[in-house]
1. Around residue 200, which amide H atoms from residues at least 5 apart in sequence, or from another chain, sit under 5 Å from its own amide H, with H modelled in the peptide plane?
2. Subtract the Cα-Cα distance of residue 174 and residue 40 from 0.36 nm times their separation in residues, and report this length gain in nm to one decimal.
3. Decide, for the chain, between rounded, prolate and oblate: order the square roots of the alpha carbon gyration tensor eigenvalues as a ≥ b ≥ c, take rounded if a/c falls under 1.5, and otherwise choose prolate if a/b is larger than b/c, else oblate.
4. Taking the simple approach of a point 7 Å from Cα along Cα-to-Cβ for both residue 142 and residue 304, what is their distance in nm?
5. Given H placed 1.01 Å from N in the peptide plane, which residues other than close sequence neighbours of residue 224 have an amide H under 5 Å from its amide H?
6. I need to check one value: relative contact order of the chain, counting alpha carbon pairs closer than 8 Å and at least 6 residues apart, in percent.
7. Roll a 1.4 Å probe over the protein chains and send me the accessible area per residue for the chain in Å².
8. Going by alpha carbons, how many degrees (0 to 90, nearest 10) lie between the helix axis of 114-129 and the longest principal axis of the chain?
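The values are calculated or read from the model by the stated rules, or taken from the named source; none is laboratory data. Quick caveat, the model's predicted, so the values are computed rather than measured. Cβ placement follows ideal geometry from the backbone for every residue including glycine, while neighbour counts extend to all protein chains displayed. Note: areas computed on protein heavy atoms with side chains; ligands, DNA, RNA excluded. Shrake-Rupley method; radii C 1.70, N 1.55, O 1.52, S 1.80 Å.
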Amino acid sequence: MNDRMQAPANAGQWTLAEIEALLGLPFMDLVWRAQSVHRQHFDPNRVQLSTLLSIKTGGCPEDCGYCPQSARHEGGMAGEDMLALDDVLAAARQARAAGATRFCMGAAWRSPKDRDLDAVLDMVREVKAMGLETCATLGMLKDGQAERLRDAGLDFYNHNLDTAPEFYGEIITTRDYQDRLDTLDRVRDAGLSVCCGGIVGMGESRAQRAGLLAQLANQDPQPESVPINMLVRVEGTPLAETEALDPFEFVRTIAVARILMPGSHVRLSAGRTAMDEALQALCFMAGANSIFYGDKLLTTGNPEVERDQLLLARLGMSAESCQA
Ligand code: SAM
Ligand code: DTB
Ligand code: SF4
């Protein structure tokens, strides 16, 4: 291991070769290094808890190959109406009572129409007033929309790069990589915190996982939150039959994300229902310090709250308190 691999990342500096070298380290060296970096920046026994709610489900015009909400896949979920404000607030209250500190509202849109955004702004205002951090993931934003969300009290905007630029075209054709980078610029320019990550286990190569990590880490500033999702293979989606990724490769991806983005919250995100407790503990050891918390992600399952509470207790870990 050379000095360059020791140094904390300055945004904009990581090369693909360096990232691939990190991914290829002996597993114990990699996890040890990631845990060491983690301890320099965070309490290793604390985890940030975000709860998701799908405020507008299904019927999405985009063709993301992993997503059960696309109207383009055979058997894709039918479009539902947007949830009523009261239902959203009831879910947020429940999340807060269970110990979540951030509430993330997701919509199956290519991008929000201004009149839809008005309804979301009301949700953001009221959820923020409950003392929760607020996050939204609504698709691509047009000029001015990020500012409106910020003014309503939004703290984070989630917009994922999903995979490496060179693999992206195999997964999504209805928007390109640059569209995503443009939305991320709008989010950053409005002064919102950025939540940006990706999905692994979609049939990409290790070099392509390095490509995703380079795109994430070389943002300046780096995203505050980095969700690393393991593909949830949903029946009826084009990726349903993808071969499962070696779980250690997933842990490696988390570890390298931690090393490259030492000050970011790295979230062990979708895919936990397919992981046992020992694998999740390895992910925390590799520097993950956030999870999606609540019985459901957007449309698929997530470990039950009681099970997560037990896991954290068994590991002597506790939840971060709210910083909003
Ligand atoms: N429609 C908006 C968009 O795509 O920008 C926001 C919601 S979309 C469901 C948010 C993210 O969820 C996607 O970018 C993707 O990273 C993740 N996601 C969706 N389906 C997934 C799956 N089956 N497995 C893992 N992650 C998934
Ligand atoms: C993220 O990176 N993962 C979350 C959240 N951001 C919006 C979504 C995961 C969705 C998994 C499939 C589903 O439940 O529909
Ligand atoms: Fe639509 Fe988002 Fe699903 Fe893509 S990931 S199909 S944009 S809901």
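1. 229, 230, 231
2. Values: separation 134, 0.36 × 134 = 48.24 nm, distance 4.10 nm.
Taking residue 174 through residue 40 to full extension adds about 44.1 nm, to one decimal.
3. The shape class here is rounded.
4. Going by the 7 Å Cα→Cβ label model, 4.5 nm.
5. 194
6. 25 percent
7. 41 Å²
8. In the chain, helix 114-129 runs at an angle near 70 degrees to the longest axis.
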